[in-house]
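The next block holds one structure in the form of structure tokens; read it before the comments.
Any read-out appearing in this document is the output of simple, stated calculations on the displayed coordinates, not a laboratory observation. The structure displayed is predicted, hence computed values, not measured ones. Neighbour counts run over all protein chains shown; Cβ positions are idealised from the backbone, glycine included.
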Amino acid sequence: MGTDRYTSPLSERYASREMQYIFSQDMKFRTWRRLWIALAETEMELGLSQDGKPVITKEQIDELKAHAEDINYEVARAREKEVRHDVMSHVYAYGQQCPKAAGIIHLGATSCYVGDNTDIIVMREALLLVKKKLVNVLSELAAFADRYKAQPTLAFTHFQPAQPTTVGKRATLWMQEFLLDLEDLNYVLSGLKLLGSKGTTGTQASFLELFNGDQETIDRIDPMIAEKMGFDSCYPVSGQTYSRKVDTRVANVLAGIAASAHKMSNDIRLLQHLKEVEEPFEKNQIGSSAMAYKRNPMRSERIASLSRYVMIDALNPAITSATQWFERTLDDSANKRLSIPEGFLAIDGILDLSLNVVDGLVVYPKVIEKHMMSELPFMATENIMMDAVKLGGNRQELHERIRELSMEAGKNVKEEGKENNLLELIAADGAFNMSLEDLQRAMEPSRYIGRSREQVESFLAKAIRPVLEENKDLLGVKAEINV
């Protein structure tokens, strides 16, 4: 394509070739032809006849199958300019390649037979790819959490230093959200059904005519088509289209993954500001055009940026679903052509970026320890107080003294820019009867991380590894990002 036309950044910069193929013209129109073959085969197998003679023959089916892949796009495009109808243009083009079968292509069907069934098939393929990448993000995070399960670090509430946690424990918080997303994805994926072939308003009136009112035979049409296309069943009732609430459910899964990725990327960006954790930075990467020293968290920022797009995009199918009139209106079509593919292309880019970032996360234990030790004296005051009581001190008096000394040390840090000297102040106070060496021995960070290590081990063993084992055939994906 030339440089004089708009091209989508989703295809140029963010989405993988694999996801782009799923939403490609080739995938769409080859699926249309598979559906036409499935319909014709079903009608033949159910004995569709006229005056005792079969309407559809094996020779016609073979001809259709012979041209299932080699789509004559030029013929279809030329025809669409004349008739302004994409489905009938492709029926015509297919018939040009299959003259013996031309008359029975699309028999009894309406446009949504190929359009809507293809949309379901495409969404299922796209969800399977999303699932594969999501499982691999969980796998990479599991390795990271296990590696740093015992590395103490400051935890934050309100982005203010709070009781310590570990680097690995924090990663489990990201993982738990992705795990919820995977559960939602599996639920929606398991419930996807085909539309089947129900006709113009969903009543199967055309098949009632074709099969001379034979209700039992008509009841077999949808299950047979579903089986041929690899589905368990079709939606039991519909208008002309499948319910657009299906699109809403799918988009909400994507929005959930986007929210989880956004939260993780925000945490990484804040940690990179603190110089504790850093996303991978390549040898020749430029952080800033003006400030050569900068190492910006560009990939995490891109995750956040694309994630906002996906979260907002989920409104499109919801509004479309809410505003469908009766058995169908066409105001879903243009919106659907944009919102569903672009939601998937964007989440694909998000997951590739997440894989890339998590796989190469750099941790700086010395910086983490420095930050920890600057705050730990405040967090250790309860332990210090308990130790002092054991040495004969009065709990209430010691509590008041430690409160006063903490305020003084805090003032030294905030107003005068000095180091935290709380331990020195406590050692100098005879009420505690503790030396500076005694106090410093109490400053072992691992004493204050609670059950962080054990929680990581339990979470990985009980929640994550069974999922990874169940999906082991999906593991091994390494993301390639374009920019």
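In table form, for the structure just shown:
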quantity: Å³ per residue enclosed by the Cα convex hull of the chain; calculated: 203
quantity: For segment 304-425, Kirkwood radius (reciprocal of mean inverse C-alpha pair distance, Å); calculated: 20.3
quantity: DSSP bridge orientation in the chain - percent antiparallel, rounded to nearest 5; calculated: 90
quantity: Cut-off under 5 Å, modelled amide H: who pairs with THR166 long-range; calculated: THR153
quantity: Cα-Cα over 25 Å, subset of LYS169/LYS275; LYS28/LYS228; LYS28/LYS81; LYS366/LYS462; calculated: LYS366/LYS462
quantity: Ranked by how many other beta carbons lie within 10 Å on average, peptides 83-94, 211-222, 257-268 from highest; calculated: 257-268, 83-94, 211-222
quantity: Amide H within-cut-off set for PHE156, under 5 Å, with H built and near neighbours excluded; calculated: ALA162
quantity: Across LYS263/LYS472; LYS100/LYS245; LYS370/LYS411; LYS193/LYS263, pairs whose alpha-carbon gap is larger than 30 Å; calculated: LYS100/LYS245; LYS193/LYS263
quantity: Helical mean residue ellipticity (222 nm; -39500 (n - 2.57) per DSSP H run of 4+; nearest 500) of the chain; calculated: -19500 deg cm²/dmol
quantity: For peptides 68-74, 366-372, 164-170, 28-34, sequence by mean Cβ density within 10 Å, most packed first; calculated: 164-170, 28-34, 366-372, 68-74
quantity: Whole-number D in µm² s⁻¹ for segment 381-442, Kirkwood Cα-pair radius fed into Stokes-Einstein, 10 °C, 1.306 mPa s; calculated: 136
